[in-house]
Amino acid sequence: MPKSPWSVPVTEALHAKGVRIADLDTNATPGFRGDKKSGELLLEERRAVLSGLQEKLYANGRSGDPRNILLVLQGMDTAGKGGIVRHVIGSVDPQGVDHAAFGVPTEQERRHHYLWRIRKQLPRGGQIGVFDRSHYEDVLVVRVHELVPPDVWGKRYEEINRFERTVANAGTTIVKVAMFVSLDEQRKRLTQRLDRPDKYWKFDPSDIDERAYWPAYQKAYQAVLDRTCTDYAPWYVIPADRKWYSRLAVTELLIDALERLDLDWPPARFDIEEQRRRLAEL
């Protein structure tokens, strides 16, 4: 058999247990033996595998199987969350995808509990759900900018754990991905947006303001990893300075999650030979 391009399983290479964000090499490619060229070639192969597995998940959902996948993407601006949606999730049938992007809460959302808008967007049976940002904004941005007192956001870690346990018990496989870029790489990506008219729409001046809070965000993300990485909803930490690597890594995480469901094609709910006869007669 050919040698695996991964020195260890991706779930082991990227698991958040013991990770210290302050020491993270955001340019690294944990567990992957190859270079950019081999990574990009492998990504194309694995996208096809992901697509086939997702079709099987969708088919089972159409047959009443409640199981689904929820991919949670968290990261600072320019970390590559949009690229994951475009280049990884974009490789599967859109009929089988529930995508939700969580920005600043609307007035209606503010009138409800912070998990209200999250519950409304949970994936249905047979779907791959994608959260571009998520309920973790309420222990990240809210904490960093002191939008509520510490005794309020401090209680949310355990509340989130209970919520995710309930979701997992209902048939959702939760894959949480924290993507990290360096300050230098973020500056480079923001500069590219300013240099290209077709990227102006992606630029938000507040992204520059947020850079001043980098140490506070690192501390907030560390608390998230330490307090909400569980067996039923693990966190995976992805160094995201190399876009090809982060896309390959998320693809592999999704393939692993789908393979663990051990899906088969749903059986026919009709008499196959009878339908053959009917078809031949008409």
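The values are calculated or read from the model by the stated rules, or taken from the named source; none is laboratory data. All values derive from a computational prediction rather than experimental measurement. All Cβ positions, even for glycine, are placed from backbone atoms using ideal geometry, and neighbour counts span all protein chains on display. Heavy atoms of the whole protein, side chains included, go into the accessibility calculation; ligands, DNA and RNA do not. Shrake-Rupley method; radii C 1.70, N 1.55, O 1.52, S 1.80 Å.
Overview of results
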| item | result |
| --- | --- |
| Over the stretch 126-235, volume per residue of the alpha carbon convex hull, in Å³ | 123 |
| Tilt relative to the chain, helix 156-169 - C-alpha long axis, 0 to 90 degrees, to 10 | 10 |
| Extension gain (nm, one decimal) between residue 209 and residue 12, 0.36 nm per residue minus Cα-Cα | 67.4 nm |
| Residue 259-residue 4 pseudo-label distance in nm [points 7 Å out on the Cα-to-Cβ vector] | 0.7 |
| Shape call, the stretch 1-134: gyration tensor on alpha carbons, a/c limit 1.5 | oblate |
| Highest-fluctuation residue, 177, 130, 148 considered, GNM on the chain with Cα pairs under 10 Å | 148 |
| Calculated log₁₀ intensity ratio I(q)/I(0) where the Debye formula runs over C-alpha points of the chain, q = 0.11, 0.12, 0.13 Å⁻¹ | -0.67, -0.79, -0.92 |
| Carbon + sulfur, % of accessible area of the chain - ligands and nucleic acids excluded, 1.4 Å | 50 |
| Principal axis box of the stretch 133-192, alpha-carbon based, largest edge first, Å | 43, 31, 13 |
| The chain - accessible surface per residue (Å², probe 1.4 Å) | 53 |
| Entries of 3/202; 81/219; 3/243; 36/176 with Cα pairs more than 31 Å apart | 3/202 |
| Ratio Rg/Rh [Cα only; Rh per Kirkwood] for the stretch 69-117 | 1.03 |
| Sequence-distant residues sharing a close amide H with residue 98 (under 5 Å, placed H) | 128, 129, 130 |
